[in-house]
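Derivation of every value follows stated rules applied to the coordinates shown; laboratory data play no part. These numbers come from a predicted model, not from an experiment. Note that we place each Cβ from the backbone using ideal geometry, even for glycine, and neighbour counts take in every protein chain shown.
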Amino acid sequence: MLYIVPTPIGNLQDITLRALEVLKTCDAVLCEDTRRTQILLSHFAISKPTFRYNENDDFSIRRCTEVLESGKTCALVSDCGTPCISDPGWRLVKAAVEKGIKVSSLPGPSAVACALAGAGITGGAFTFLGFLPRKPGRAAKLLSGAYGVGNPVVVYESPYRVIKMLGLIAKTLGEDTPVILARELSKVYEEWLRGTAAGLAADLGKKHKVQGEFVMIIDRPHKEEKNEDADF
Ligand code: SAM
């Protein structure tokens, strides 16, 4: 049995009761980084064997798959949030499905859902791109294609590249493109920055240092207050 277990994106109190129950009762925890997961497990006084997996390391995938095939109940976690969402883990889920091992996916923290809910811009469709490619040409192409679909676009970004990414959005989609930056969600310094791509790039550029994790939501210039297509 493989349980996919989301873990907090910043605030340890966001772990769910069911996530704790699975972590306490499973036979082994399959993790992206054993040291990071040990910190989480220790915080909740849980002691379990851990196995590291890495999508680019066939050996680690084979070893974790063998643990699953031996009949053990495993919890799959990543460093933060929901495994397989801009995080590794999908190869293990695929292997479990192919081998007929039961998979159960627990709901829980994920930065994309948290940011979109707090943005107040849509209750309906959006396009999630995760991390954009490093090459500006490829990123611009992906961005304009996704934005062309007509829904808000959500991307993940690190503090080191957020200004560069705002510049790319301004250049590709227009300087006045509305952007919402959700920074350090669920943490003490949680912050919401709203403005245009060019304006936010200029504001952040004035800071001595940009810190924290970001979710970027690229909104539409002329929002319709009512979503005619939604059935809720
Ligand atoms: N699997 C995770 C999830 O379900 O959201 C995402 C992991 S991905 C490697 C990490 C990225 O998620 C960060 O670079 C940032 O863009 C976003 N992120 C994670 N935690 C965040 C937080 N507390 N506030 C804002 N963004 C966050």
*Nearest 10 degrees, 0 to 90: what angle lies between the long axis of helix 58-69 and the longest principal axis of the chain (Cα atoms)?*
50 degrees
*region 45-78: which chymotrypsin sites (Phe, Trp or Tyr not before Pro) are DSSP loop and have at most 10 other beta-carbon atoms within 10 angstrom?*
none
*What ³J(HN,Hα) values, in whole Hz, does the Karplus curve 6.51 cos²θ - 1.76 cosθ + 1.60 give for region 190-202 when θ = phi - 60°, with x put for Gly and Pro?*
3, 8, 10, 10, 10, x, 9, 4, 5, x, 5, 4, 5
*Give the long-range amide H neighbours of PHE131: residues separated by 5 or more places, or on another chain, with amide H under 5 Å away, using H modelled in the peptide plane at 1.01 Å from N.*
TYR156
*Let me know the longest stretch in the chain that avoids all trypsin sites (Lys or Arg not before Pro) found in a DSSP loop with at most 13 other C-beta atoms within 10 Å.*
1-98
*On a C-alpha basis, how far is the centre of region 19-92 from the centre of region 178-222 in Å? Whole number, if you could?*
32 Å
*asked:* Here is the link list: LYS102/LYS141; LYS135/LYS209; LYS24/LYS94; LYS48/LYS94. Which ones come out longer than 30 Å on Cα distance?
replied: LYS102/LYS141
*Hey, what angle do you get for helix 162-173 against the long axis of the chain, alpha-carbon based, 0 to 90 degrees rounded to 10?*
60 degrees
*Treating cross-link reach as a plain straight distance, find the lysines whose alpha-carbon is under 24 Å from the alpha-carbon of LYS207, omitting any fewer than eight places away in the same chain.*
LYS164, LYS171, LYS187
*Roughly what % of DSSP beta bridges within the chain run antiparallel, to the nearest 5?*
50 percent
*asked:* Using only DSSP helix segments of four residues or longer, with each worth -39500 (n - 2.57), what per-residue ellipticity at 222 nm results for the chain after dividing by its residue count and rounding to 500?
replied: -10500 deg cm²/dmol
*Would you compute, for the Cα atoms of region 125-228, the largest minus smallest coordinate along each principal axis and list the three values in descending order, in whole Å?*
40, 32, 22
_Pairs of Cα atoms farther than 20 Å apart, region 2-105, %_ = 28 percent
*Pull up the DSSP beta bridges for region 2-105 and report the antiparallel fraction as a percent, rounded to 5.*
5 percent
*Among the aspartates and glutamates, which have Cα under 17 Å from the Cα of LYS72 when same-chain residues fewer than 8 positions away are ignored?*
GLU21, ASP27, GLU98
_Sum of side-chain charges, ALA198 neighbourhood, beta-carbon under 9 Å (Lys, Arg +1; Asp, Glu -1)_ = -2
